[in-house]
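Inspection log for the structure reproduced underneath, given as structure tokens.
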Amino acid sequence: MTIITLTSTPISLRGDLTKWLFEISTGVYVGNISARVRDELWDRICLYCKEGQVTMVYNAKNEQRLAFRVHNTNWELTDYDGIKLMKKPLNPNEQIPKLKPGFSKAYQNHQIHNQRNGKTQKKYQDPNFPTTYVVLDLETTGLSKETDQILELGALKIVELEMKEQYTSFIKIDSVIPDSIQNLTGITNKMVAANGRSLECVLEEFKQFAGDLTILGYNIPFDYGFLQMASRRLNIDPIKNRYVDLLPLCKRFIQNVPDYKFQTILDHLFPNQKHIHRSLEDCLAMHQVYMQLIKIRDLPK
């Protein structure tokens, strides 16, 4: 059984979902679909929901017998001693009430312990603007996740908006790289043959690198689609991290550009900066764009 709830999403998306699921109430869809259809449907929803919020609940082979996915919501998926829970963030305007007399000694000692160890209430964070995240970019042999392959995976780990680690690797493929891709990226068949590693190894290393952090990218559903398809082909667990897409954020905060291709955004924000089309360099560029978006967001209105 799969349950999907939509909030503030385009009407066209809601109508599209009725091809696979029953709409039992406004924005609430229920049905029995295969794991593959569910994954494909999730990628499709995240791609077309724009600024809307989406939650999916479905059967899973775990102790709870269910799993969750969320997109563009303030609620966060968290692991508590092996149990998956949904964490509701603190409202930034909500005042924590003072404790009334009568609380136990144990609770008072717990509060004192937290103060001595510098533990304070976490600040509310806009889910569309995380401060700790992983930037991801793939180079592929083409645009089709069904027929094309991943050539290179690059990632940056950002902690409180500062770069801490980076990861990059070529991936071996069983075909020839098209001339157009070689010209665009500079990646040659010789480079991949000499330095490429197995796709399964790279995916597992990336999952370890990313942990449970939010993943950030430009038109990130494209990259996610390739990763999900690769995981299904290798019969391994797919990446389930929440992600933030820079493309709709650029459309929201940047005007007066002819289009929203990534190169166009780079030329607009950094007109004198040359850009190399490789996965790690793209990650660095996306991080720069994200920092500019934060500055634009925080400008006085």
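The values are calculated or read from the model by the stated rules, or taken from the named source; none is laboratory data. Keep in mind it's a predicted model, so treat the numbers as computed, not measured. FYI the Cβ positions are ideal-geometry reconstructions off the backbone, even for glycines, and counts take in every protein chain you see. Surface areas here come from the heavy atoms of the whole protein model, side chains and all, with no ligands, DNA or RNA. Shrake-Rupley method; radii C 1.70, N 1.55, O 1.52, S 1.80 Å.
So how much accessible area does residue 226 have, in Å² to the nearest 10, using a 1.4 Å probe?
It works out to around 10 Å².
Quick one: putting +1 on the C-beta of Lys and Arg, -1 on the C-beta of Asp and Glu, what dipole do you get for the chain around its Cα centre, in Debye to the nearest 20?
It works out to roughly 1240 debye.
Please compute P(r) over all alpha-carbon pairs of region 166-301, binned at 5 Å starting from zero, and give each bin as a whole-number percent.
For region 166-301, the pair-distance distribution reads 2, 8, 16, 20, 19, 16, 11, 6, 2, 1, 0.
If ligands, DNA and RNA are left out, what is the accessible area of residue 44 with a 1.4 Å probe, given in Å² to the nearest 10?
90
Residue 137 accessible area, nearest 10 Å², 1.4 Å probe?
Here the accessible area works out near 20 Å².
With a cut-off of 18 Å, note down the residues of region 203-227 whose backbone N falls inside the zone around a label point 7 Å from the Cα of residue 75 toward its beta carbon.
Hits in region 203-227 for residue 75 at 18 Å: none.
Taking a threshold of 30 Å on the Cα-Cα distance, which of the pairs 50/145; 172/207; 164/261; 274/295; 61/251 fall above it?
61/251
What residue among 236, 265, 28 has its Cα farthest toward the positive end of the dipole of the chain, where the charges are +1 on Lys, Arg and -1 on Asp, Glu, each on the Cβ?
Going by the Cα projections, it comes out as 28.
Using the alpha carbons of region 136-201, what is the convex hull volume per residue in cubic angstrom, as a whole number?
112
With label points built 7 Å along Cα→Cβ from the Cα atoms of residue 26 and residue 174, find their separation and express it in nm.
Modelled inter-label distance: 5.1 nm.
Quick one: what do you get for the chain if you divide its Cα Rg by 2.2 N^0.38 Å?
1.12
Along Cα→Cβ, 7 Å out, is where each label goes; now give me the distance between the ones at residue 182 and residue 63 in nm to one decimal.
5.3
Highest GNM mean-square fluctuation, the chain, Cα pairs closer than 10 Å: which of 258, 127, 178?
258
Can you work out the FRET efficiency for the pair residue 37 and residue 147, with r the C-beta to C-beta distance and R0 = 25 Å, to the nearest 0.05?
0.80
On alpha-carbon atoms, Rg over Rh for region 1-63 using Kirkwood Rh?
Rg divided by Rh gives 0.95.
Please build a GNM for the chain, connecting alpha carbons under 10 Å apart, and tell me which residue among 193, 285, 210 fluctuates the most.
The residue that fluctuates most here is 193.
If R0 is 22 Å, what FRET efficiency do you get for residue 194 and residue 166 from their C-beta distance, rounded to 0.05?
E between residue 194 and residue 166, to the nearest 0.05, is 0.55.
Between 167, 243, 260, where does the largest GNM mean-square fluctuation fall for the chain, given springs only between Cα atoms within less than 10 Å?
Taking springs between Cα atoms under 10 Å, the residue moving most is 260.
Using the Cα centre of region 254-301 as the reference point, and only Cβ charges (+1 on K/R, -1 on D/E), how large is the resulting charge dipole? Debye, rounded to the nearest 20.
Taking the Cα centre of region 254-301 as origin, the dipole is about 120 debye.
Let me see the P(r) profile for region 237-278: every Cα-Cα distance counted, bins of 10 Å, each bin given as a percent of all pairs.
23, 42, 25, 10, 0
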